[in-house]
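The values are calculated or read from the model by the stated rules, or taken from the named source; none is laboratory data. In this text, all values refer to a predicted model and were calculated from it rather than measured experimentally. Positions of Cβ are backbone-derived with ideal geometry, glycine not excepted, and every protein chain shown enters the neighbour counts. Just the protein is used for accessible areas: all its heavy atoms, side chains included, with ligands, DNA and RNA removed. Shrake-Rupley method; radii C 1.70, N 1.55, O 1.52, S 1.80 Å.
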Amino acid sequence: MPKPKYTSHVGMVDILPDESPKWRALETIIHEEAAKFNFEEIRTPIMEQTELIVRGIGQLTDIVSKEIFAFEKGDSHYVLRPELTAPVVRAFVEHHMEQRGGSQKLYYIGPMFRAERPQKGRQRQFHQFGAEVLGSDDPVADVEIIALMIRVYERVGISNFELKLNSVGDPESREAYKEALREYLKPNLGKLSELSQKRFEKNPMRILDSKEDEDQPFIKDAPVINDYLNEESKAHFQQVKDYLDDLGINYTLDPHLVRGLDYYTRTAFELTSPDLGSQDALAGGGRYDLLVEEIGGPSTPAIGFAAGMERLFIACEELEIELAKEKSVDVYFVTLGDAARKWALTHLPKAREAGLSATMDYMSRSMKAQMKDANRENAHYTIIIGDNELAEGKFTLRNMKESEEISLGFEDILAKLGV
Ligand code: HAM
């Protein structure tokens, strides 16, 4: 086929009608599980001020330094949101949501934008579902967030994931650790990758996240943050682990898990799947106890997660999990002649009111072509309507799967099929 003149932007994909049922099925699961956890939905705009995202996520992160879609309008600078934690915090501060009382338990579903090099599991417009708890530093919040995240995968039928867990400490613990890390890496600084050399001064912890071959021997034996946690961070982390144990949620401790966003403090986690290939992170999250204040709000500890929906679907494909039922319609009105078409058009609403999905031919096709179309649409029943049927007030109701036919009045048909 010739290449079309207009295509979607690279890394941004259309969700076509054959795929939308699985999206809706997943969204339903997310809404249901979030409701069971007593979380409330929040929807924020697609665009945010550049400064919010730069301050929120961190100037030196990959997202801010390379992956942002930025716009200018007059004097205003905007970006397409690359994630939703900073925007949710912005909304929390802007609307003084702490005044609603208690901790705010929020969740969201929606598109995010990162100008990454597209590959399997990595798009420029992708979708996340996620949840944030603002106003609690109780380890109960950490564990409920992790439990909600995992619950969605369980509902979908994905269970062969790994939960990687770490504590990146509070600022005091982190300063001590960064110092130790610099000390350890310094003698071999020249042998590290260019990127890691750049990160050495300002953000040596990100070196642990490096995928560069030349960095690996040094990462392997690097000091671990757990040895530098102060008493408070250590106790918090222990409580999170104990509660996870109590809930029977398995995890692997990964002292090198640092995550690619600067706002994290204390608990950090990632959910990975062996079914995803190189982009193996299904979801990730952690605490960001300082972000609300950083953005101008009251001191408010917080924790959350976000999960990639396209990656969840890739895992489903690998595991042969079908989230959506095959498309179908309850009843297809097959018409012969103009009077029958008019009758069908005016009786479709009655079928729909009875709770059925119902359709008819829009193309004035022959009866044979309509029967073929009814098969293609996976109609459970057809009602055959012609001049004789209209005169008699009785119609042939055909069960398409069983190939059985009976003749009934329209009200009786609705009584038989109605839900
Ligand atoms: P993140 O690790 O940057 O965290 O993204 C979370 C998930 O989004 C990833 O694990 C992955 O499944 C998916 N994802 C990220 N980038 C792409 C992409 N280019 N294409 C497809 N999927 C992608 C966050 O966004 C934080 N806001 C999570 C959080 C919430 N932390 C605290 N609260």
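Things to note:
- Using just its DSSP H runs of length 4 or more, each adding -39500 (n - 2.57), the chain gives a mean residue ellipticity at 222 nm of -11500 deg cm²/dmol after division by all residues.
- For region 20-130, the Kirkwood estimate of the hydrodynamic radius, built from every pair of different alpha carbons, is 15.5 Å.
- Accessible-area composition of the chain, carbon plus sulfur, in percent [1.4 Å probe]: 49
- ARG55, ARG199, ranked by accessible area, largest first (probe 1.4 Å): ARG55, ARG199
- Here the peptides 329-338, 183-192, 73-82 are ranked by packing, the mean other Cβ count within 10 Å, and the order with the highest first is 329-338, 73-82, 183-192.
- Aspartates and glutamates whose Cα lies under 17 Å from that of LYS220, excluding same-chain neighbours fewer than 8 positions away: GLU183, ASP209, GLU212, ASP254
- Cut-off 18 Å (backbone N to label point 7 Å along Cα→Cβ of HIS256), residues of region 210-230: 210-228
- Spherically averaged projected area of the convex hull of Cα atoms, region 202-262: 5.4 nm².
- Restricting the calculation to alpha carbons of the chain gives Rg and Dmax of 27.9, 96 angstrom.
- SER278-LEU16 pseudo-label distance in nm [points 7 Å out on the Cα-to-Cβ vector]: 2.6
- Overall form of region 329-417 per C-alpha gyration tensor (a/c, 1.5; a/b vs b/c): rounded
- What region 329-417 shows is 57 Å² of accessible area per residue, with the surface traced by a 1.4 Å probe over protein heavy atoms.
- Heavy-atom accessible area for ILE413, with the other protein chains in place and a 1.4 Å probe, reaches approximately 0 Å².
- In nm, spacing of pseudo-spin labels at ALA25 and HIS9 (7 Å Cα→C-beta vector): 3.0
- Dipole magnitude (debye, nearest 20) for the chain, charges at Cβ of Lys, Arg, Asp, Glu: 1380
- Take every DSSP beta bridge whose two residues both sit in region 329-417; close to 50 percent of them are antiparallel.
- Listed peptides 273-285, 344-356 by packing density, highest first (mean Cβ within 10 Å): 273-285, 344-356
- A dipole drawn for the chain from +1 and -1 charges on Cβ atoms has a positive end, and of PRO204, GLY260, ILE406 the residue lying farthest that way is ILE406.
- When only alpha carbons are used to place a centre, region 24-47 and region 103-120 end up 13 Å from one another.
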